[in-house]
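The values are calculated or read from the model by the stated rules, or taken from the named source; none is laboratory data. A quick note: this is a predicted structure, and the numbers were derived from the prediction, not measured. Because the Cβ atoms are built from the backbone with ideal geometry, glycine has one as well, and the counts that use them run over all protein chains shown.
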Amino acid sequence: MNIRNLLASVAAALTLAVAPTVSANSNTIRIGTFNPATGPAATIGDPELKAVRLWVKLLNQKGGIDGRKIELVEYDDQSKSAMAVSYMKRMIENDKVDIVVGGGVSGHALAAAPIAEAAGVPFVAMGTTSRLTEPVRPWVFKVAAGEALTVRKTLIHMKNRGVTKVGLLSSTSAFGVSGQQAVRELVPAMGMTLVADEQYADNDKDLSPQLNTIRGKGPDAVFVFGLGAGAALAAKNFHQLQIGKPFYVATGNATERFIELAGPGAEGVLMSTVAMPIVDQLADSDPRKKIIQTLKHEYEKEYKIEVSAFAATGYDGLMIAVDAIRRAGGAHDKKKVREALESTKGLVMINGTYTYTPKDHAGLDIDSVYTMRVKGKGFALEKDAP
């Protein structure tokens, strides 16, 4: 190769290196998603995936995004972090997706996020952990309310009812560890004392030993930071032990499944989470009410099952991405889509009103979170102050 051809080759390579990442087909917008549709975390991932799949279908029936049809590339990570990582790589390297919306389990989203970050592909993550966006990752944006918001809301409810001593039982999962850290930081900051700090594994069959240890420390209230079967088991054992103190669980447990698994122990359990479970108790003037009612109607018509609160996170994640793609003028330039996400302001969705900035990729504030109590087979809205 002569020197002229060599220089031309180098120049071409440099041009490719600095050019924006471009979609393979500018007439189609390719959105990737991975969620635990099966396995232990399916109660989270399956409704999230169903909501994404349904709204892609509905959007395409109306012409897609500004005339471009959406192609959904979906994977079931089977509740396994390693598969989440594998599918993130596949979507970026093989499927050539324009944006990824998914990762409903915090640990899976955390494991996959660096891949999207390194590749320069926007990732709208559904996991709750604040570690997804603290510190800010330029290409990662979060949908679900993080621990700092939900824990603070829970502690406000406790403090306004005279609680000064808190007993904590948290899962050893990534979700539980993030919640544990938030509780450890916020309890003293709000003038209360953490008198017990116990943990459990998600496959534990009896949490009575940990709960008895917590009872021995004399808390005014007990806070369980975990999801699904583990949190339900804690509520069940707490009821069986007749501890007789206010009992709180983490966000994400406002589901029929939690009530079913906890049995009589579910009654009266408190939690701080998003508006979906108490939609009928929202004021008619609340702009989220109509969005939730639309999701509920379309979801239940499509799948013939009751909508889950987790479907809201799937819906919000997809529609946040759609809004950014529209404002970016398409999905072909990933840098413009990322910039559009970061300039999202006052976007009303189900989980709240999203505003992202260069310093905040979490998007929500504490007004997006509600405290509620299990009442019968549903949930009753609580006031912050009695």
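Observations
- Selection within region 217-242 - touching a residue at least 12 places away in the same chain (Cβ under 8 Å) and over 18 Å from E260 (Cα atoms): K217, G218, P219, D220, A221, V222, F223, F225, L241
- Residues that are in the same structural domain as R338 (by TED's automatic domain parsing) and under 18 Å from the mean Cα position of the chain (by Cα) are absent from region 166-173.
- Some residue of region 88-98 being touching a Gly at 6+ places or on another chain (Cβ under 9 Å) and among the polar types (S, T, N, Q): no
- Hey, G103 touching a helix residue (DSSP H, G or I) at 6+ places or on another chain (Cβ under 6 Å), not charged (D, E, K, R) and not assigned by TED's automatic domain parsing to the domain that holds T43 or not: no
- Leading residue by the ranking (modelled with the highest pLDDT) among those in region 134-163 that are over 30 Å from F247 (Cβ atoms) and out of contact with any helix residue (DSSP H, G or I) (no Cβ under 8 Å at 6 or more places or on another chain): V136
- Identification of helices (runs of 4 or more DSSP H) wholly contained in region 286-386 with 2 or more residues that are hydroxyl-bearing (S, T, Y) yields 287-303, 309-327.
- Looking only at region 134-147, and only at residues there that are more than 12 Å from the chain's Cα centre (by Cα) and surrounded by 18 or more Cβ atoms within 10 Å (Cβ to Cβ), the one that is farthest from L347 (Cα to Cα): R137
- Residues in region 155-197 that are in contact (Cβ under 8 Å) with a residue 24 or more places away in the chain, part of a helix (DSSP H, G or I) and over 19 Å from L270 (Cα atoms): A174, S178, Q181.
- Test: S106 is under 17 Å from V274 (Cβ atoms), among the polar types (S, T, N, Q) and modelled with pLDDT under 95: yes
- Residues that are under 24 Å from K383 (Cβ atoms) and in contact with a strand residue (DSSP E or B) (Cβ under 6 Å, 6 or more places away or on another chain), drawn from region 232-258: F238, K245, P246, F247, Y248, V249, A250, T251, N253, A254
Residue-by-condition table, conditions (1) surrounded by fewer than 22 Cβ atoms within 10 Å (Cβ to Cβ); (2) outside the structural domain of A254 (by TED's automatic domain parsing); (3) touching a Phe, Trp or Tyr at 6+ places or on another chain (Cβ under 9 Å); (4) without any contact (Cβ under 8 Å) to a residue 60 or more places away in the chain:
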residue: E306; (1), (2), (3), (4): yes, yes, yes, yes
residue: G314; (1), (2), (3), (4): no, yes, yes, no
residue: L318; (1), (2), (3), (4): no, yes, yes, no
residue: H332; (1), (2), (3), (4): yes, yes, no, no
residue: V337; (1), (2), (3), (4): no, yes, no, no
residue: K345; (1), (2), (3), (4): yes, yes, yes, yes
residue: V348; (1), (2), (3), (4): yes, yes, yes, no
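- Residues of region 229-257 satisfying the condition of being surrounded by 24 or more Cβ atoms within 10 Å (Cβ to Cβ), among the hydrophobic types (A, V, I, L, M, F, W, C) and assigned to a helix (DSSP H, G or I): A231, A232, A234, A235, F238
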